[in-house]
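Inspection log for the structure reproduced underneath, given as structure tokens.
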Amino acid sequence: MKKQIILYFFLLLLGSRMEVSAQSSEEKNVSKAIDGLVVAMIAADKDMLNAQLSDALQYGHSSGLIQDKSGFVNEVVSKAPLVYQSIEREKEVIKLSKKTATVSHILVIKGKNPAGDPVNLRIGNMMVWEKEKSGWKLLARQAYKL
């Protein structure tokens, strides 16, 4: 499983580099941080997730549910209500302002619910990333139905 995650991560980075060649180096760093979050969510790895998230995280779902950092991490790690299998980003726009980045994109998510049934989502997403000493951390996220 770890080898698959690492392979997925490298393929994700390779693909994102092809699409974002016009980005500044700092925008690329934000994109890499998002890549890291995606890999952590698919792996359902608590340590990897915690490394990508601000302690002040507010994570808004398209259903209206808003979670703090521990609530979001616990949900992903528990794999309920969703086991993430793939997360792809479309139409991504990254804007920088000093130590803050805003990101908007469409997420195409494939997974399974706890019963093993397939779940396919296509949602809009807005994120706020904050640059800390250790790198870019997700501060806020709000998804919305398309």
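The values are calculated or read from the model by the stated rules, or taken from the named source; none is laboratory data. Small disclaimer: the values here were computed from a predicted structure and weren't measured. Glycine gets a Cβ as well: all are built from the backbone with ideal geometry, and neighbour counts include every protein chain shown.
Per the conditions (1) over 30 Å from Ala22 (Cα atoms); (2) outside any strand (DSSP E or B), the sole criterion not satisfied by Met48 is (1). Every condition in (1) touching a His at 6+ places or on another chain (Cβ under 6 Å); (2) more than 22 Å from Ala22 (Cβ to Cβ) holds for Arg89 except the one numbered (2). Taking the conditions (1) surrounded by fewer than 19 Cβ atoms within 10 Å (Cβ to Cβ); (2) among the aliphatic types (A, V, I, L, M); (3) modelled with pLDDT under 95 in turn, Ile66 satisfies each one other than (3).
Suppose the filter is over 14 Å from the mean Cα position of the chain (by Cα), farther than 26 Å from Lys145 by Cβ and of a type in the set (S, T, N, Q); does Gln67 pass it? So Gln67 does not fit the description; no. Is the stretch 61-71 home to any residue that is in contact with a Lys or Arg (Cβ under 6 Å, 6 or more places away or on another chain) and not hydroxyl-bearing (Ser, Thr, Tyr)? No, because not a single residue in the stretch 61-71 is in contact with a Lys or Arg (Cβ under 6 Å, 6 or more places away or on another chain) and not hydroxyl-bearing (Ser, Thr, Tyr).
Could you check, for the stretch 50-69, whether at least one of its residues is in contact (Cβ under 8 Å) with a residue 40 or more places away in the chain, of a type in the set (Gly, Ala, Ser), within 15 Å of Val38 (Cβ to Cβ) and touching a Leu at 6+ places or on another chain (Cβ under 8 Å)? No, the conditions are met nowhere in the stretch 50-69. How about the stretch 92-113: which of its residues are within 19 Å of Ala40 (Cα to Cα) and either free of Cβ contacts under 8 Å to residues at least 24 places away in the same chain or not in a strand (DSSP E or B) (or both)? Residues satisfying the conditions are His105, Val108, Asn113. Checking the stretch 71-84 against the condition returns no match, with no residue being buried (at least 16 other Cβ atoms within 10 Å of the Cβ), in contact with a Ser or Thr (Cβ under 8 Å, 6 or more places away or on another chain) and not in a loop (DSSP other than H, G, I, E, B). Once the stretch 114-144 is narrowed to residues that are part of a strand (DSSP E or B) and acidic (Asp, Glu), the residue that is farthest from Leu82 (Cα to Cα) is Glu132.
Mind listing whichever residues of the stretch 40-63 are of a type in the set (S, T, N, Q) and surrounded by 21 or more Cβ atoms within 10 Å (Cβ to Cβ)? Of everything in the stretch 40-63, just one residue is of a type in the set (S, T, N, Q) and surrounded by 21 or more Cβ atoms within 10 Å (Cβ to Cβ), namely Gln52.
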